[in-house]
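Comments concern the structure below.
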Amino acid sequence: MILLSLLLIPLIGGIVAWYSERFNPDYPRWVALASLILCWVPVLPYFSAFTLEQMPQWLVDEPMRWIPRLNITAHLAMDGLSFLLVILTLAMGLVALSSAWTEIKKRTGFFYLNLLWTLAGVMGVFLAMDLFLFFVFWEVMLVPMYLLIAIWGYENRQYAAFKFFMFTQAGGLLMLLSLAGLVILHYQQTHILSFDYTVLVQNPITGDLAYWIAVGFTVAFIVKLPALPFHSWLPDAHTQAPTAASVILAAVLLKTGGYGLIRFVLPLFPDAAKAIAPLMMTIAGVGVVYGAMMAFVQKDLKRLIAYSSVSHMGFVLLGCFAMNIYALQGAVMQMLAHGISTSALFVLVGMIQYRFKTRDLDKLGGLWQQVPRLSAIGLFFGVASLGMPGLGNFVAEFLVLVGSFEKYPWYTVVAASGLILGAIYSLIIIYKTFFGPRGDSVQTSEVKGAAEVTDTSNREATTLLVMVVILVYMGVHPQPFMDMVQSNLLQTIAKGLL
Amino acid sequence: MSLHYLPAIVLIITVLLSLTSLSLKRHHGIAYLICGGGLLLTMLSLFMQIGKTGTTSELFVFDAITPFLSLILLIVVSMIWVQLYQWLEALDERKEEYYLLLLLATLGSLIMVASNHFTSFFLGLELMSLSFVGLVAYSGREFKGQEAGVKYLILSAVASALMLMGMAILYLQYGTLSFNDLSMQGASGTLPSWVTVTGIIFILGGMFFKLSLVPCHLWVADLFEGAPLATSALLATLSKLAAFVVLWRIFSLGEWHTHAVIVDIVAAVAIASMLVGNFLGLLQNNLLRLLAYSSIAHFGYLLIILLLAASPTTAFLTSTFSTEAVVFYLVAYLFTLVGVFSVLMQMPQIKTQQDLTGLFWHKPTLAITLALLMLSLAGIPLTIGFMGKFYLVMTAVNHQMWWLLSALVIGSVIGLFYYLRVIMMMIKAPDGESDFSGLTMTTNGQLLNYLIIFLVIGFGTFPAAFSQLIETLSRG
Amino acid sequence: MIEVLFFIAAAVALISAAMTVTAHNAVHGLLYLVVTMLAISLIFFLLGSPFAAALQVIVYAGAIMVLFIFVTMMLHQGEKSLLEEKQLFQISGSIGAFLLSAVLLVELVYVLAGFASPQLINGSEGYFTIQTITVKELGIQLYGPYQLLVVIAAMMLLSALISAIHIARRQKNPMQADEEGDQTL
Amino acid sequence: MISIHWLLFLSLALFSIGVYGVVARRNLLFILLSLEIMLNAVVLLFIAGSSFHGNPDGQIMYLLILTLAASEVAVGLGLVIHMYRQHHTLDVDKLSQLRG
């Protein structure tokens, strides 16, 4: 019941939050905070797993009956990978809550309902070990996310939310087909009807059809990642989403794509994964460079960060298909590190937008004098994003590059050049925003009265500083994180090499 | 008379009773109650039959599925009946006849669902269609209603003429009108086999009119828009379900999938319906027209079931799985659709998507119900519509019907656009103009909304019991 | 011999059907439709179904057509239609219908006089004897295994009755009440 | 000898004439007449089948179709009367508010 409670707490908390708005519009955020903190309780005991010598296959395993007719179970289970991502989700949930604390003033109850439900859906995705259940969470988490963007977003929110929903739903339908194909093919080959991951993974399906099914799953996942041909929803969604939604989107929603690749595509379709690896590596390599170059020409800060996400998630894709333990660990690290650094950047942009009413790079500039604390933290995350050694991002990208160099040297070279471009756009952010001549918006807001623009509040500063600490810790001492996932990833690799 | 005829007898008695009370004294309340009591008794008598061993007479078939489907039909009718009183009160017409025609149409559809013979099928169909003409053209003052009535009369007459022609040809070929004999004499016709195919095409043509599938879909939107709202609801649910059940029965009993031409035609119609229906829905602003087009697409999806037998199978689970898929999908779709209509009946002044702007912030229960129903129509998980679609996809994948499946995926994606647009409209911040003060929520309506949410989400999230029931019924 | 009779009757049916759908005047169309039905009735007779032939004349050509004519006449009101009616009964407009029915009459007399007997029909597999179905057989079937059909048919008639009465009931139309002085129905 | 093929062709020809009438005519009264022609084409086949197979089902179907024709005409003419009273026309095309 531990994992189930992990899902139920935010679901119920959301409803309570919505209802509490009737009494006072301030209550919902407190309810949301309380339920998020409560969520930590079930997972806290498992932090001891960091100290374990040998990771068990599953930390928790909770199979439950659901639809016996099709042998669908509500099988929730958590291993090292799921654990890390759930922790990331919960942490980023708090960050999102913190960024929404004062920003959201209208319809607060419904906002926190959607926020909590999105988190519940994402955790469900990370914990579901039944493919049908996984699919259900995969699709359902989009609905509250859609509402978050469509109701509380910026100018063009309806369009952006619509695009986001359509892209991911189209991918989802493809996954539904592949899912049905997978189960039926598995039934044909083994005469076991099951949607359960642990059953399916024991006898991976083979044949031509398996290849197409694998492609279906992969496409669904890389739409979410997002990888190159399907990425265009991300910049729009990010730009229009409210800060909290951007944080959730960047920190955890994108990770579901990478998680799906590592969890499902690689072990369930080892042959097919090998067959499509070159294509995926190409997409990843091009994606890294393309994302960086697009980021380079953006004027809108949020859009810029969104494109940088495309670039960074390219590394995840690269790591997944390199079929190498280092690369895979790198991909996992990248998911964690990118989750933290990018959401921090979105929080910062949110703060800037809140203070200066713009996120146009040309109108910003010279913030250092005005908001030094904010700018200092911004500098840190800008540098983190370019892959400064000693921080989590560097470890991750380095591992991916090392892991994939062995087999795919050329892709690695291309991707590494993406790092250089990354350095350029990160420096552009830093220069144009925090240094450089003062922009229009900055000046006008100064004219209006300096009192209006305040530096980071304690709440904001604490949030960001905690993120700084985690990122540094990941950079200097990444071993526990890697141990956590190593045994399972090794199994995955072993399947692929058989 | 065996117990199996009891529901029909109860309905007939109800009709006669309300006719008598009507001739003595016109009173809306009495007619409403008689109708409701009759529906309730019919449901009870059907409920008693569920799970009993079935029989087959010459004219009718009472297997395990038939009373279940009939019960579903009656639940749908009753859900419409609940709001009928209020809705009819607003109508400036004589009220009592509506109940009479409603009961007769229900009787017709019950007969159709149970029919095992062309004569009983034909009579049930005509009983239903003629009652529907009255129901469509009920409101004599409304220009649109009359137009819809005329169109429906012509449409249904042409459809039944086509079906009759098909029946006549098959009769000439085989000398029998019973569904059971259709397949047995498949080889020994008096005329060349193309005549059989022609006959089948005629019947299919008529059925396509009844189900408003693509080449025959032109007037369906006019009908939905022009007919009184409750009638549109009945048209979309009662008439289509009954027609589809019969089509499914004759298609499988007659083994029509053995004719390659027929398979090609049905496949083409299915694909065209999915794509065209959804595409036309995309261009619609009027909610009723949107529903009309979406129903074209949904019955396009359902046509896949007919073709299953024509494809190689992998003996997946049991052979009854396709039956379960049909039943599940039909039930899911019907509940969803009747839900949409009852929400629309609660807000009669809302006609287009623009009228919905900001509804969520004024009437959250209504808006949430409608939004969930739209998600169910679109097939988003945790709704009953998704479970139906999942069954369908599983079956179709099992039979490796990739062409139809890809059409289904494309159709669903297009469909998402307009279902989502409805939701988008409701959550849009109202710009001050939209005024929902005219909307009064009745307890009736509220309860109905909760019931709909329960059906759509409850069965969508926990379909186990329901799927088990359908499995048992399909086996028996 | 019998096929000649059939062909003539078929030709009459087709011609008059074509005349029906292309007629300008409703009454002429109806007249031709009656001829179509009489021709079909003759074919029924040739096929050895005298009962069906009789019903065709009585119910179809009789009752249903009378309903049509009644409504058509009802719709023609006022001066203009009186003039039209004058033309209606001139022989020129309906001469075709009379000629066609005369042909049918000749055929009927010919058959009744016993010059040809409706005995055989051929299918692709040769000749079959026509088995005349007596009214008794029909009755036994209809009130035996098919008795429920009679009930359902009664319900269908009831439904049609209710629909028709409700639809055609005269309603006061607030919009057109003043311009509609001649609702003398 | 009357060939069964001839009957089939005659019936299909009559049916086509009826379909043509429904599609081509705009006057509701003529549409109803055309529907009658279609039904007549159908009953012709039923009677032929009945004689051919020596089976009373076709004749029973004939009786039922007769009932249907009467009911349909009754409802249809009801609509005709109503429409004529309200609009003084029987042209179906003039009844076209529903577009979209």
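Before moving on, here are some points about what is shown:
- Hey, A:G285 surrounded by 24 or more Cβ atoms within 10 Å (Cβ to Cβ) and farther than 30 Å from A:I72 by Cα or not: yes
- Scanning the range C:157-171 for residues that are at the interface with another protein chain (Cβ under 7 Å from one of its Cβ atoms) and either at pLDDT below 90 or within 15 Å of D:V80 (Cβ to Cβ) (or both) gives C:A160, C:S163, C:A164, C:H166, C:I167, C:A168, C:Q171.
Residue-wise test of (1) assigned to a helix (DSSP H, G or I); (2) within 10 Å of chain B (Cβ to nearest Cβ); (3) out of contact with any strand residue (DSSP E or B) (no Cβ under 8 Å at 6 or more places or on another chain); (4) within 21 Å of A:L254 (Cβ to Cβ).
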position	(1), (2), (3), (4)
A:L147	yes, yes, yes, yes
A:I151	yes, yes, yes, no
A:L177	yes, yes, yes, no
A:G181	yes, yes, yes, no
A:L185	yes, yes, yes, no
A:V199	yes, no, yes, no
A:T206	no, no, yes, no
A:A210	yes, no, yes, no
A:V219	yes, no, yes, yes
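- Selection count where residues are surrounded by 16 or more Cβ atoms within 10 Å (Cβ to Cβ) and assigned to a helix (DSSP H, G or I), scope the range D:18-33: 11
Rundown of residues vs (1) over 20 Å from B:Y138 (Cα atoms); (2) in contact with a Ser or Thr (Cβ under 6 Å, 6 or more places away or on another chain); (3) modelled with pLDDT of 90 or more; (4) among the charged types (D, E, K, R), yes/no style:
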residue: B:G38; (1), (2), (3), (4): yes, yes, yes, no
residue: B:L44; (1), (2), (3), (4): yes, no, yes, no
residue: B:T53; (1), (2), (3), (4): yes, no, no, no
residue: B:L59; (1), (2), (3), (4): yes, yes, no, no
residue: B:T66; (1), (2), (3), (4): yes, no, no, no
residue: B:S78; (1), (2), (3), (4): no, no, yes, no
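- The range B:1-112 holds helices (runs of 4 or more DSSP H) entirely within its bounds, and those carrying 2 or more residues that are touching a residue at least 40 places away in the same chain (Cβ under 8 Å), farther than 26 Å from B:Q346 by Cα and among the hydrophobic types (A, V, I, L, M, F, W, C) map to B:6-24, B:65-89.
- Single residue of A:P45, A:P28 found to be exposed (fewer than 15 other Cβ atoms within 10 Å of the Cβ) and either in contact with a Cys (Cβ under 6 Å, 6 or more places away or on another chain) or more than 14 Å from chain B (Cβ to nearest Cβ) (or both): A:P45
- For the range A:85-107, the count of residues that are within 25 Å of the chain's Cα centre (by Cα), surrounded by fewer than 15 Cβ atoms within 10 Å (Cβ to Cβ) and under 27 Å from A:S457 (Cα atoms) is at least one.
- Residues in the range B:1-56 that are among the aliphatic types (A, V, I, L, M) and in contact with a Lys or Arg (Cβ under 7 Å, 6 or more places away or on another chain): B:A31 alone.
- Restricted to the range C:1-73, the set of helices (runs of 4 or more DSSP H) holding at least 1 residues that are in contact with a strand residue (DSSP E or B) (Cβ under 6 Å, 6 or more places away or on another chain) comprises C:2-22.
- Some residue of the range D:1-17 being within 7 Å of chain C (Cβ to nearest Cβ), part of a helix (DSSP H, G or I) and among the hydroxyl-bearing types (S, T, Y): no
- Restricting attention to the range D:19-56, the residues that are under 19 Å from D:A74 (Cβ atoms) and at the interface with chain C (Cβ under 8 Å from one of its Cβ atoms) total 10.
- Residue check for A:A327: modelled with pLDDT of 85 or more, surrounded by 24 or more Cβ atoms within 10 Å (Cβ to Cβ) and small (G, A, S): yes
- Which numbered condition D:L68 misses (of (1) within 26 Å of D:H5 (Cβ to Cβ); (2) within 18 Å of the chain's Cα centre (by Cα)): (1)
- Remark: pairs (first residue in the range D:60-77, at the interface with chain C (Cβ under 7 Å from one of its Cβ atoms); second residue outside any helix (DSSP H, G or I); Cβ separation under 9 Å; 6+ apart in sequence or on different chains) = D:I60/B:L177; D:I60/C:Y146; D:Y62/C:S49; D:V75/B:A137.
- Residue in the range B:107-129 that is farther than 26 Å from B:I200 by Cβ and either among the β-branched types (V, I, T) or out of contact with any helix residue (DSSP H, G or I) (no Cβ under 8 Å at 6 or more places or on another chain) (or both) present: no
- Residue tally, condition at pLDDT 85 or above and within 8 Å of another protein chain (Cβ to nearest Cβ), over the range C:23-41: 7
The values are calculated or read from the model by the stated rules, or taken from the named source; none is laboratory data. Because the structure is predicted, anything quoted here is derived from the model rather than measured. Here the Cβ is made from the backbone with ideal geometry for all residues, glycine too, and neighbour counts use every protein chain on show.
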